[in-house]
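The values are calculated or read from the model by the stated rules, or taken from the named source; none is laboratory data. What you see is a predicted model, and the numbers here were worked out from it, not measured in a lab. Please note: Cβ atoms are built from the backbone with ideal geometry, for glycine as well, and neighbour counts cover all protein chains shown.
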Ligand SMILES: Cc1cc2nc3c(=O)[nH]c(=O)nc-3n(C[C@H](O)[C@H](O)[C@H](O)COP(=O)(O)OP(=O)(O)OC[C@H]3O[C@@H](n4cnc5c(N)ncnc54)[C@H](O)[C@@H]3O)c2cc1C
Ligand SMILES: Cc1cc2nc3c(=O)[nH]c(=O)nc-3n(C[C@H](O)[C@H](O)[C@H](O)COP(=O)(O)O)c2cc1C
């Protein structure tokens, strides 16, 4: 087979040598526009796992890289005058030039033809090639030539960075954060050979421009950075080796995803590899890893399907399929890490203390969790837990294990929660005429006994027509109040849990069947009239609601206030106003469901007017000591709908109206929403609102283990964590999860104590802690 790699970066060279090493009969050429030892850039870093994959693919190359690399385990953060260091992170640093030299030498040794100083314009320059590897980097001409086939999706990210080097050597991967009058700058610093360290400086576009760096040449930019990072540089100079770049040399990162990775040009198969196919931000340092993994996978597919030209289409299909999954996983993690650096100056740096800042930085990609950190650096993590517990008012005794973050107490006004776990509101469709039954007593009572700090009722309607289904809870008469008081009294008498009520109105999603009979489907008979912000049915076959009049609004507000007064009398500890999931108040907030042209529609202030009025009216009748929460759909997940940024605007308005807590859910506003589900998928909304609006939040959604909850709370991404479906499977979720992470000094209900030691012993026997 005749193979031509266009571009002699890590991807092209490594693929060339892997193929030649396994099948010397192939004719393989790598064409590079630069001189052999001429490249931009300083050092690159990858992880220990990458080295293992390279050892398996070509032990000789791996051995040479290993001799040349610098290994280090520590991360050190310079922030607000403190230096904090953790260990166990396992990185390898190597100069880009050194790496390319090793790859070039190995190619030559194996008989790969290397052509330098040839700038290729088109793949058609190699008509005899069976396979052309487009390994020509992020600005790939070959990819651009077949743009319609490869469907590249390129997003220019907002931050600016400049890639510099210095002679000062650092014994840890070092991050230095510096505040200026116009915003924050951060440096990512790592040593990659015996003489040099990479020094990347990054900031936001606004801060960059405010300092006039858009007008600065490279020398001026370097002088600026030397002054800014004088502390960490300790007298050393910064240097550039990007003299080929015109202007300031400050770049924006381009995030690339391609719709298709290979194409037949009529003579040859052309396949994308490395940065030509995808990019991953340097915040997790994986661009070179992805390039190497691509090369390894394509070579592996040849081993599976054979080396004939006839099986090339299958080889390329399989390569694309396998790599796409891994690349998207890394890109997701890289995106999280990249976004962390994009918002750090606004969101975390101003308010976080150095200890929490370090934790937040270490978990920025969300791939490293609390328990991963324990494996990496148990001493540091326990120190952090100790710090967190002390801040939460439960300092650990000397020598004793501190409480993990999720089990620390939390207070809002006069509400004191024993821990941070919340049983999320969940409709049970088991009320009679809105009145709570024995089912509710047992259901909510069991979850209170199960260790959660706070148990919420399902959405409870303030009038019969405010219910979602005939089975939903209500609170509009003495009988409703008495039935709920029975539940509240049980919880208070038998557990340490507090109990909250979620009040709401179903709006256009009302008058439907119980979930198990036909979720969101109108009742077969006995439907009641619906009201909503605008006369838009929820489903095609749903009733069309009436657009609410001023009188409707006054009535609904009065009903909800009366229900809140009943809730106070019934003894609830906290109230949450349901402004999410497309129900009545949510239908006002979303532009997709609010088409009003009066004062209750239009911009954010207009759309929030009615929900805020209800919220304020409820706040006014609550005792000062009782907190009031609001649940928001922080993302409509639909074209033209609310985004997390809109939710933050609303959260700020509710905060000004007296909200103590924002419960950050999403979706269910319109039927054609397309949420991107995944572990902890709504937590970013809580993070945004908590840290940019400055209000306590609840994170919820696909949080299923103590490890998730601890990571979220420890990183300051939420104050409380709500768990819904896992609590249906296990009422004692909190007690069980605490046992699973080895926390033994959690109090079980006295009636159940003899079950505790056996449960823990079984876990230990099964290999737990
Ligand atoms: C600031 C910064 C820091 C980074 N840090 C890291 C890190 O720590 N770890 C990490 O793994 N990755 C890092 N990367 C990413 C890494 O540099 C790339 O992901 C990696 O080099 C991709 O390899 P590649 O072979 O696909 O592309 P490249 O390395 O870009 O190689 C492409 C090659 O093709 C050549 N070429 C282009 N067009 C033509 C043409 N028309 N004709 C002939 N030759 C051509 C180019 O000269 C180049 O040599 C970083 C990137 C940046 C910008
Ligand atoms: C059966 C069921 C009923 C629900 N009812 C409500 C409700 O009444 N009010 C509400 O705000 N959310 C309700 N939700 C949403 C949950 O509170 C929670 O936000 C969602 O299930 C995501 O959390 P999870 O991944 O832990 O299940 C309900 C969820 C389920 C599974």
Residue 448, sole failed condition from (1) surrounded by 20 or more Cβ atoms within 10 Å (Cβ to Cβ); (2) within 30 Å of residue 342 (Cα to Cα):
(2)
When the residues of the stretch 248-267 are filtered to those that are within 16 Å of ligand 1 (Cβ to nearest atom) and part of a loop (DSSP other than H, G, I, E, B), which remaining residue is modelled with the lowest pLDDT?
248
Going through the stretch 417-453 one residue at a time, which ones are away from ligand 2 (no atom under 13 Å from the Cβ) and closer than 14 Å to residue 495 by Cβ?
417, 418, 419, 441, 442, 445, 446, 448, 449, 450, 451, 453
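Could you tell me whether residue 51 is surrounded by fewer than 24 Cβ atoms within 10 Å (Cβ to Cβ), within 17 Å of residue 113 (Cβ to Cβ) and either more than 16 Å from ligand 1 (Cβ to nearest atom) or free of Cβ contacts under 8 Å to residues at least 60 places away in the same chain (or both)? It would help to see each step written out before you state the result.
Working: surrounded by fewer than 24 Cβ atoms within 10 Å (Cβ to Cβ): yes; within 17 Å of residue 113 (Cβ to Cβ): no; either more than 16 Å from ligand 1 (Cβ to nearest atom) or free of Cβ contacts under 8 Å to residues at least 60 places away in the same chain (or both): yes.
So residue 51 does not fit the description; no.
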Is it true that some residue in the stretch 602-611 is over 21 Å from residue 702 (Cα atoms), within 16 Å of ligand 2 (Cβ to nearest atom) and not in a loop (DSSP other than H, G, I, E, B)?
yes
Kindly indicate the residue of the stretch 537-587 that is in a helix (DSSP H, G or I) and within 16 Å of ligand 2 (Cβ to nearest atom) and also farthest from residue 524 (Cα to Cα) among those meeting that condition.
567
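Please tell me if residue 567 is in contact with a strand residue (DSSP E or B) (Cβ under 8 Å, 6 or more places away or on another chain) and over 21 Å from residue 668 (Cβ atoms).
It is true that residue 567 is in contact with a strand residue (DSSP E or B) (Cβ under 8 Å, 6 or more places away or on another chain) and over 21 Å from residue 668 (Cβ atoms).
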Need pairs with beta-carbon distance below 7 Å; first residue under 15 Å from residue 221 (Cα atoms) and free of Cβ contacts under 8 Å to residues at least 40 places away in the same chain and within the stretch 248-264, second within 14 Å of ligand 1 (Cβ to nearest atom) and in a strand (DSSP E or B); sequence gap 6+ or separate chains.
none
Right, residue 81: surrounded by fewer than 19 Cβ atoms within 10 Å (Cβ to Cβ) and more than 16 Å from ligand 1 (Cβ to nearest atom) or not?
yes
Could you check, for the stretch 743-766, whether at least one of its residues is closer than 21 Å to residue 401 by Cβ, in contact with a strand residue (DSSP E or B) (Cβ under 9 Å, 6 or more places away or on another chain), surrounded by 14 or more Cβ atoms within 10 Å (Cβ to Cβ) and modelled with pLDDT of 95 or more?
no
Scanning for something assigned to a loop (DSSP other than H, G, I, E, B), within 11 Å of ligand 2 (Cβ to nearest atom) and buried (at least 21 other Cβ atoms within 10 Å of the Cβ), does the stretch 494-505 turn up at least one residue?
no
Residue among 162, 138 that is within 14 Å of ligand 1 (Cβ to nearest atom), farther than 30 Å from residue 230 by Cα, within 29 Å of the chain's Cα centre (by Cα) and touching a residue at least 40 places away in the same chain (Cβ under 8 Å):
138
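Taking the stretch 29-79 as the search range and keeping residues that are assigned to a helix (DSSP H, G or I) and out of contact with any helix residue (DSSP H, G or I) (no Cβ under 7 Å at 6 or more places or on another chain), which one is farthest from residue 89 (Cα to Cα)?
So the residue we want is 59.
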Do we find that residue 106 is modelled with pLDDT of 95 or more, within 16 Å of ligand 1 (Cβ to nearest atom) and in a helix (DSSP H, G or I) in this structure?
yes
Across the stretch 1-24, which residue is nearest to the chain's Cα centre (by Cα) among those that are assigned to a strand (DSSP E or B) and more than 11 Å from ligand 1 (Cβ to nearest atom)?
3
Note: among 481, 458, just one is more than 16 Å from ligand 1 (Cβ to nearest atom), in a helix (DSSP H, G or I) and closer than 29 Å to residue 553 by Cα, namely 481
Quick count over the stretch 391-407, residues being touching a residue at least 60 places away in the same chain (Cβ under 8 Å), under 27 Å from the mean Cα position of the chain (by Cα) and farther than 16 Å from residue 735 by Cβ, is 1
Per-region count, the stretch 413-431, residues under 26 Å from the mean Cα position of the chain (by Cα) and surrounded by fewer than 22 Cβ atoms within 10 Å (Cβ to Cβ)
1
Given the conditions (1) more than 30 Å from the chain's Cα centre (by Cα); (2) surrounded by fewer than 23 Cβ atoms within 10 Å (Cβ to Cβ), report the number of the one that residue 605 does not fulfil.
(1)
Within the stretch 720-752, considering residues that are within 13 Å of ligand 2 (Cβ to nearest atom) and assigned to a loop (DSSP other than H, G, I, E, B), the one nearest to residue 680 (Cα to Cα)
724
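State yes or no: is residue 316 out of contact with any helix residue (DSSP H, G or I) (no Cβ under 7 Å at 6 or more places or on another chain), part of a strand (DSSP E or B), over 27 Å from residue 169 (Cα atoms) and in contact (Cβ under 8 Å) with a residue 24 or more places away in the chain?
No.
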Hey, can you tell me all the residues within the stretch 483-518 that are over 23 Å from residue 585 (Cα atoms), out of contact with any strand residue (DSSP E or B) (no Cβ under 8 Å at 6 or more places or on another chain) and in contact (Cβ under 8 Å) with a residue 24 or more places away in the chain?
485, 486, 489, 490, 494, 495, 496, 516
Would you check if residue 739 is more than 28 Å from residue 339 (Cα to Cα), at pLDDT 95 or above and away from ligand 1 (no atom under 16 Å from the Cβ)?
yes
Pick from the stretch 687-709, criterion within 16 Å of ligand 2 (Cβ to nearest atom) and part of a helix (DSSP H, G or I), ranking: farthest from the chain's Cα centre (by Cα):
706
Would you confirm whether any residue within the stretch 579-597 is surrounded by fewer than 24 Cβ atoms within 10 Å (Cβ to Cβ) and without any contact (Cβ under 8 Å) to a residue 40 or more places away in the chain?
yes
Scan of the stretch 556-568 for residues that are under 24 Å from residue 471 (Cβ atoms) and loosely packed, with under 15 Cβ neighbours inside 10 Å, ordered by number:
none
